[in-house]
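Since the structure comes first, as structure tokens, the remarks are kept for the end.
Laboratory data are not the source of any read-out in this text; all were calculated from the coordinates shown. If you're wondering where the values come from, they're calculated on a predicted model, not measured in any experiment. Every residue, glycine among them, receives a Cβ derived from its backbone with ideal geometry; neighbour counts consider all protein chains shown.
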Amino acid sequence: MEKVLITGGAGNVGSALAKKLATCGQYQVTVVDNMSTGSIKKLSSVKGQLEFIKADVNVYNDIASIMLSRSFDYVFHYAAVVGVKRTLENPILVLDDIEGIKNILSLSKNTGVKRVFFSSSSEVYGEPVEFPQNEDTTPLNSRLPYAIVKNVGESFFKSYQREFGLNYTIFRFFNTYGPDQSDDFVVPRFLKLAKTNADITIYGDGLQTRTFCHVKDNVETVFNILHEDLCRNEVINIGNDKEITILELAQTVLKMTNSKSKIVHLPPLKEGDMRRRLPDNAKMKSILNRELLSLEEGIQSLLVLGDFGHSNYELRAV
């Protein structure tokens, strides 16, 4: 079996990927996470089917001892400080993630890794200048620390390929939700508030748009890229292309939960709340080769599970 390392594998998307790879019978999976925002509970269903190591990828000695002793075939670098509010409040921790990128690339080059996969973000596009946002033609113009780090990371991955021949795939993730997402993200937060009939708060007029991709669609696309050796040395948007305003999202949640919650508008965020996001996901659709889950289907699946809006874990320097 081929050996796979997933950094940040106790987070929402990382844990879903870890579970998919660990249960398919073809990969030996090691998860690394510093547990600053992740939770080992997200991996409880595959306990014994993968290896979990608490370590900080931004600390060279931590990650070097793991990578030098295991000779991984593939590395998914998903470890990062995430969330608009969290990244704005912790800019130095965000910038520290550059060290993790450098550590992963250097160690991958020196240990014979076949390909590295990087979780970039739709945030790199910044304020919209064209729609849909295309991997090759849309300028990357965000000035937020989180987006700058992702943009710098993309440059590092491309540079290592040109200089050393280290193959990569860059995933620009758009909003991804699922049962293991913490409640400081919009879908589980709205659901949790609606289920308790508490006020649903929205920043500004709520007319800012987003697209919402169920984690199942995200992971299945990524799995196919790995398993079928696709998108080598390419960038790919991973996200749904059905645009919806945040106000419409709140109204949808209220309708589907039969909630008595009221929608309350707060002052707009000073920064970080882009007016529109819409990916060109033609590459993703061709790889997935089926329709993506609708937002209503995804929300219904969470309601059936009764599993959403986990309490957020305290962010701390480690």
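Values as computed for the structure displayed
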quantity	calculated
Residue among Asn103, Leu93, Tyr78 farthest towards the positive dipole end of the stretch 67-167, charges placed on Cβ	Asn103
Calculated P(r) of the stretch 139-186 - Cα pairs past 16 Å, %	57 percent
All-pairs alpha carbon distance profile, the stretch 35-142, 10 Å steps from 0, percent	12, 35, 34, 17, 2
Alpha-carbon centroids, the stretch 1-35 and the stretch 238-263: separation in whole Å	31 Å
Assigned charges on the beta-carbon of Lys, Arg, Asp, Glu; the chain dipole about Cα centre (debye)	420 debye
Whole-Å distance, taken between Cα centres, linking the stretch 112-177 and the stretch 45-67	24 Å
Qualifying lysines (Cα of each under 18 Å from Cα of Lys114; at least 8 residues distant if same chain)	Lys3, Lys102, Lys158
Neighbourhood charge, 15 Å Cβ-Cβ cut-off, centred on Leu293 and excluding it, Lys, Arg +1 and Asp, Glu -1	-2
GNM result for the chain, Cα springs below 10 Å: residue of Asn61, Asn167, Asn34 fluctuating most strongly	Asn61
Between helix 295-305 and the chain: long-axis angle, C-alpha atoms, 0 to 90°, nearest 10	80 degrees
